[in-house]
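Visitor: Questions regarding the structure given below will be posed in turn.
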Amino acid sequence: MWQTIERFIPDLSSSIRRFPLAVIAAVGLCLYLNIWQIGHGAPENWNIILAACAAFVAAGAGHLVAEGRGSRLPVWALVFGFCAAALVYFEPWFHSSSLFLFGGLLPLLMISPFLYRGAKQGAVWLFNLRLGLAILLALVVALVFGLGLTAVFASLDFLFGANLGGDLYERVWILATTLVGPLYGLSLIPSNLKEEINLSAHQGSLMERGVSVLVNYVMVPLAVVYALILHAYALKILAVGELPKGQIGTIVSLFALGGTATWLVGWPWRETGTKLLRVFMRSWFWLLPVPAILLSLAIWRRVSDYGVTPDRYGIALVAVWTALVFVYLVLRRNHADMRVILGSAAVLLLVGSFGPQGAYGASGASQFARLKGFLEAKGVLKDGKLITALPVLSLDDRSTGYSMLAAVNEVGAGDRMKVWFAENEFAKIMQGSTNDRWVLTSNLAPLLGLDVNYQNPDEFNFSTQLGIDQTWAGKTRIVGPFGLYSYAKGRDITKSEITARFDDTAIQVNVAGQLTAITLAEFTTRVKAAMQLDSTRENMLVLDIAPHISLLINQASGTAGAQATLGNANFWVVQHE
């Protein structure tokens, strides 16, 4: 039977024999999408789709683990595939992250045939080169297959009125991406796992010239330039005494990952490459401490201010991995084992992909603690329960709390809040959210006093771009505009003879050494009253604050009343006779 299959489709038969469970995952996903989703008009279930993809990659890695050890038993593939699919499908239960899981499966796949003592580094390198080419060619084949059949059917529709529309084109692309591409890629995975890279044997070949030029004249120079920039930035931080900016974590992470990838790709040329490459291969580990420190400082600052999120958790993992790689390369230098570098990344990412210690678990605990502390400080929570009469929070506080609430639900930690509610009340809220985290946030916000759409009757927001409808007799002088903002309290806006500033109690205007003040309570009450008196007002507000001193206001927002607050204000000072 196998001989008959090989005569017609040898690559497919080879893939089925080497990777049976991976093939089952691909075929199962193809059938599910064609029969259930399209055939029954069912909505997309991304948990099933991603679980099948995870099973495909993990089962393939498991088959390669067994094959590297000289076995064809599918035990490793069954365990890997089942665990990966379960983590994705039961994502809420495991608090798992598909992104971290797939990120960990990739380096696992890269070293899976070599998880035994004595594996040759040249074999690891050559396998991954061919694996990368197999993935690239599989993508090209899937694209060509999909575009080709789409063009054929579109031509039949156009030329002969075949009317092949409907869901045919969707089925073509499902077939291309879930079956044709993956199975073709499996057929290209090298079967000789012992073969090592031999540069002399490939001297002058397209592969040797292409990769050599890429690593010697592109990747290494870029990595060195990037390293110089980051070290110069570190010196700037020391000189200025400021912490790294928010985006530095992403930039340094890309450098650490890209530089290590460059070191791995350049391994065969470590003795024969350009002088810059040879220096880079010997010195790369000394370029890692500063990026690791920058990463640690950047992530510490963001976590201190805004708590743990999956993105920050990922950057922290990169910092830990960079430190581990540095220590390992210092000890091993050019004798470092690629499996350790890739394997440590796989372990960190896989451990971080699920559970309370994972990206979502740690982020959920951190964001919940922030939200709880905020609500307790604002008097919404007392003794771990919501108070009966919720306080009216300012718009800024509601916006801040709403962001924290959304962050909790974004990482699937909304069920932690059930202890704040009466028995069964939270279950009804969860049921009404239809498993949509955005809907859950919208449902919970009013119950926590965080509804950003709620309008406090004491709040006001006045703004106009028009002029004034008032004149003053005698000599008049207008100076401005002055902008007062909540983040710049107490700072003089100008250095001329007329200045303006405000604090938590009053707005102060200094005119030629004469200080005039108006309390925030009076200012906000009068602005709000003027708005209510003329609800169709289009001109600027004129507020007399002292004899011969008026404020000409074109923008103001805040809260009036006993607890007056000023968000911001923009006005001119009018000095008149």
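Rule-based calculations on the coordinates, nothing more; no lab input. Treat the numbers as computed from the prediction; the structure is a model and nothing was measured. Backbone-built Cβ (ideal geometry, glycine too); neighbour counts: all protein chains shown.
Visitor: Using a Förster distance of 51 Å, how high is the FRET efficiency between Val330 and His548, based on the Cβ-Cβ distance and rounded to 0.05?
Guide: Calculated transfer efficiency: 0.10.
Visitor: Any idea what % of Cα-Cα pairs in the stretch 206-354 are farther than 18 Å?
Guide: Roughly 59 percent, once rounded to a whole number.
Visitor: Right, here's the next one. For the stretch 459-576, take every pair of Cα atoms, bin their distances at 10 Å starting from 0, and report each bin as a whole percent.
Guide: Over the stretch 459-576, the share of Cα pairs per 10 Å bin runs 14, 49, 33, 4 percent.
Visitor: Compute and list, largest first, the equivalent-ellipsoid semi-axes of the stretch 323-399 from the alpha carbon gyration tensor, each √(5λ) rounded to a whole angstrom.
Guide: With the √(5λ) rule applied to the stretch 323-399, the semi-axes are 47, 13, 9 Å.
Visitor: Please give, to one decimal in nm, the separation of the simple spin-label points placed at Leu466 and Val240, each 7 Å out from Cα toward the Cβ.
Guide: 4.5
Visitor: If you take the square roots of the eigenvalues of the alpha-carbon gyration tensor of the stretch 360-447 and sort them as a ≥ b ≥ c, do you get rounded (a/c under 1.5), prolate (a/b over b/c) or oblate?
Guide: rounded
Visitor: Here is a further query. What are the extents of the Cα atoms of the stretch 287-348 along their three principal axes, listed from largest to smallest and rounded to whole Å?
Guide: 41, 23, 10
Visitor: Extension gain Tyr217-Ser399, at 0.36 nm per residue separation less the Cα-Cα distance, in nm?
Guide: 60.5 nm
Visitor: Give me the log10 of I(q) over I(0) for the chain at q = 0.09 Å⁻¹, as the Debye formula computes it from C-alpha points; what are the numbers?
Guide: -0.94
Visitor: Can I ask one more? For the charge dipole of the chain, defined by +1 on Lys and Arg C-beta atoms and -1 on Asp and Glu C-beta atoms about the Cα centroid, which residue among Ala517, Thr388, Leu329 has the Cα displaced farthest towards the positive pole?
Guide: The listed residue farthest towards the positive side: Leu329.
Visitor: Measure off 7 Å from each Cα along the Cα-to-Cβ vector at Asn198 and Ile49, then give the distance between these two points in nanometres to one decimal.
Guide: 4.6
Visitor: Sticking with this structure for a sec: Alpha carbon centre of the stretch 87-142 versus the stretch 244-318: separation in Å?
Guide: 21
Visitor: Now for a separate question. Could you give the length gained on full extension between Lys120 and Leu99, defined as 0.36 nm per residue of separation minus the Cα-Cα distance, in nm?
Guide: Length gained between Lys120 and Leu99: 4.5 nm.
Visitor: Quick one: putting +1 on the C-beta of Lys and Arg, -1 on the C-beta of Asp and Glu, what dipole do you get for the chain around its Cα centre, in Debye to the nearest 20? Don't skip to the answer; put the middle values down first.
Guide: Details: 42 positive and 38 negative charges, 468 e Å.
I would put it at about 2240 debye.
Visitor: Please give the charge dipole size of the stretch 45-196, origin at the Cα centre, charges +1 on K and R Cβ atoms and -1 on D and E Cβ atoms. Round to the nearest 20 debye.
Guide: It comes to approximately 600 debye.
Visitor: Filter the chymotrypsin sites (Phe, Trp or Tyr not before Pro) in the stretch 61-118 to those in DSSP coil with at most 11 other Cβ atoms within 10 Å of their Cβ, and list the result.
Guide: Of the chymotrypsin sites (Phe, Trp or Tyr not before Pro), the ones in loops of the stretch 61-118 whose Cβ has at most 11 other Cβ atoms within 10 Å are Tyr116.
Visitor: Which value at 222 nm does the chain reach when only helices count, each DSSP H run of 4 or more adding -39,500 (n - 2.57), with the total divided by all residues and rounded to the nearest 500 deg cm²/dmol?
Guide: Working: 22 runs with 320 residues, N = 577.
The helix contribution divided over the chain gives -18000 deg cm²/dmol.
Visitor: Roughly speaking, what is the stretch gain from Thr388 to Asn568, that is 0.36 nm per residue apart minus the C-alpha to C-alpha distance, in nm to one decimal?
Guide: Values: separation 180, 0.36 × 180 = 64.80 nm, distance 3.25 nm.
Residue separation times 0.36 nm, minus the Cα-Cα distance, leaves 61.6 nm.
Visitor: Right, another one. May I ask you to derive the relative contact order of the chain, considering only C-alpha pairs under 8 Å and at least 6 residues apart, and to give it as an integer percent? Numbers along the way, then the final one.
Guide: Values: 789 pairs, mean separation 59.5, N = 577.
Here the relative contact order equals 10 percent.
Visitor: OK, next. Take the residue pairs Lys372/Lys428; Lys372/Lys528; Lys378/Lys428; Lys236/Lys372 and return only those whose Cα atoms are more than 30 Å apart.
Guide: The pairs that break the limit, which is 30 Å between Cα atoms, are Lys372/Lys528; Lys236/Lys372.
Visitor: Choose one of Phe158, Gly118, Ala362: the residue whose Cα lies farthest towards the positive end of the charge dipole of the chain (beta-carbon charges +1 Lys, Arg; -1 Asp, Glu; about the Cα centre).
Guide: About the Cα centre, the residue reaching furthest to the positive side is Gly118.
Visitor: Take the Cβ-Cβ distance between Asn424 and Arg301 as r, set R0 to 30 Å, and report the resulting FRET efficiency rounded to the nearest 0.05. Intermediate results must be reported in sequence, preceding the final value.
Guide: Details: r = 42 Å, r/R0 = 1.39.
Efficiency, from the Cβ-Cβ distance: 0.10.
Visitor: Can you give the net charge of the other residues whose Cβ lies under 11 Å from the Cβ of Gln37, counting K and R as +1 and D and E as -1?
Guide: Local charge sum for Gln37: -2.
Visitor: Also, quick follow-up: Using the basic label-point model (7 angstrom from Cα toward the beta carbon), what is the Val320 to Leu254 distance in nanometres?
Guide: Taking the two extended label points, one gets 2.5 nm.
Visitor: Considering the options His63, Thr309, His548, tell which one lies farthest towards the positive end of the dipole of the chain, charges being +1 on Lys and Arg and -1 on Asp and Glu at the Cβ, about the Cα centre.
Guide: His63
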